[in-house]
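These notes concern the structure reproduced below.
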Amino acid sequence: MNITHSISGTGDHAVAVTRVSDTQWHAMEDDRVVGRGDASRRPDGRLFISIDAWHSAVFDRIADAMLTDLPTPLYTVVDEADHDSRSAWERAGFAAARREWGYLVPTDPQVTGLGSPRLPSGVTIVPAGEAEEGPLRALDRVIRDEVEAAAGWRTMPAEILPRPAGTTVVDPSKYTVARHFDQYVGLIRVAPLPRQPRIGLIAVRADSHRRGIARALLTHALGSLHRSGTASAWAEVSESNAAATALFESIGARRAAATLELVRH
């Protein structure tokens, strides 16, 4: 695919924005790439775009080209503290849809106040890498369906890892599970990233809420990280998720960032 949009340049030369593939746009000035645009479809089906350009005029022209070529709605994410970036997207017609808090989560039980997991009667913890794959995938599907039927999966922290179509559990070894007798009822996913582990998901079946299962899962996961020498983890929580916000703040997690999801209809 090769669609070109000619525009005025940043200096004496014209800039051409070319769609070089289904998902990429380049802004060229005097045979130099002066900006790039990318589009990617998230697992939930939404189309997110990003733009990398030094000059605001080039950003605006890449945005114009992408908006001409792509269907709406379109989404993007920005650091709330990056006022220039937010302003650029707002010029392109994007508006804030939701906020996601980024938490720095301590792992030391003397800081979190979490000792050994306090497990409800009949509940046991299945450590990471030991869960049975079939029941784990079934639990993940039930939880996703429950979230979608309530607040909607779009309100959950963004999932950006590539995965085969229809697959929601990419790596079962990252999941710790809560089991009530012979049934899986809750899970937590921790990605052991090199710089800082990321708590990507913590969720419990609706019929097992308010029993302390989420807190027990978090206690186990943070305890494992602490014993491995990891001082802190990272977690994202939607501003609208009052239960998750209360859980993390009750153990001393600190808000360290905020991300805005913007949308253009």
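A few notes on this one:
- Tilt relative to the chain, helix 133-149 - C-alpha long axis, 0 to 90 degrees, to 10: 60
- Per-residue HN-Hα couplings for region 229-238 [Karplus 6.51, -1.76, 1.60; θ = phi - 60°; Hz; x = Gly/Pro]: x, 8, 7, 8, 10, 10, 8, 10, 9, 5
- Protection proxy ranking of 60-68, 119-127, 32-40 - average other beta-carbon atoms within 10 Å, highest first: 60-68, 32-40, 119-127
- Principal-axis tilt of helix 56-69 within the chain, Cα atoms, nearest 10 degrees: 80
- Scattering profile of the chain at q = 0.08, 0.15, 0.16 Å⁻¹ [log10 I(q)/I(0), Debye over alpha-carbon scatterers]: -0.41, -1.07, -1.16
- Karplus-derived 3J(HN,Hα), 6.51/-1.76/1.60, for each residue of region 38-45, Hz, glycine and proline x: 9, 10, 8, 9, 6, x, 7, x
- Accessible area of region 75-133 divided out per residue, in Å², using a probe of 1.4 angstrom: 54
- In degrees, nearest ten, helix 213-227 long axis to first principal axis of the chain (Cα): 80
- Dipole check for the chain: with +1 at the C-beta of Lys and Arg, -1 at the C-beta of Asp and Glu, and the Cα centre as origin, the magnitude is about 960 Debye.
- Efficiency of FRET between A14 and V77 - r from beta-carbon atoms, R0 30 angstrom, step 0.05: 0.45
- 3J(HN,Hα) couplings calculated from phi for region 79-93 with the Karplus curve 6.51 cos²θ - 1.76 cosθ + 1.60 (θ = phi - 60°) are, in sequence order, 5, 4, 7, 8, 5, 5, 5, 4, 4, 4, 5, 5, 4, 7, x Hz; Gly and Pro show x.
- Label zone (R195, point 7 Å along Cα-to-C-beta; backbone nitrogen cut-off 15 Å) within region 226-265: 232-236, 256-258.
The values are calculated or read from the model by the stated rules, or taken from the named source; none is laboratory data. Here the structure is a predicted model, which is why all the values come from computation and not from measurement. Heads up, the Cβs are rebuilt from the backbone with ideal geometry, glycines too, and the neighbour counts pull from every protein chain shown. Surface areas here come from the heavy atoms of the whole protein model, side chains and all, with no ligands, DNA or RNA. Shrake-Rupley method; radii C 1.70, N 1.55, O 1.52, S 1.80 Å.
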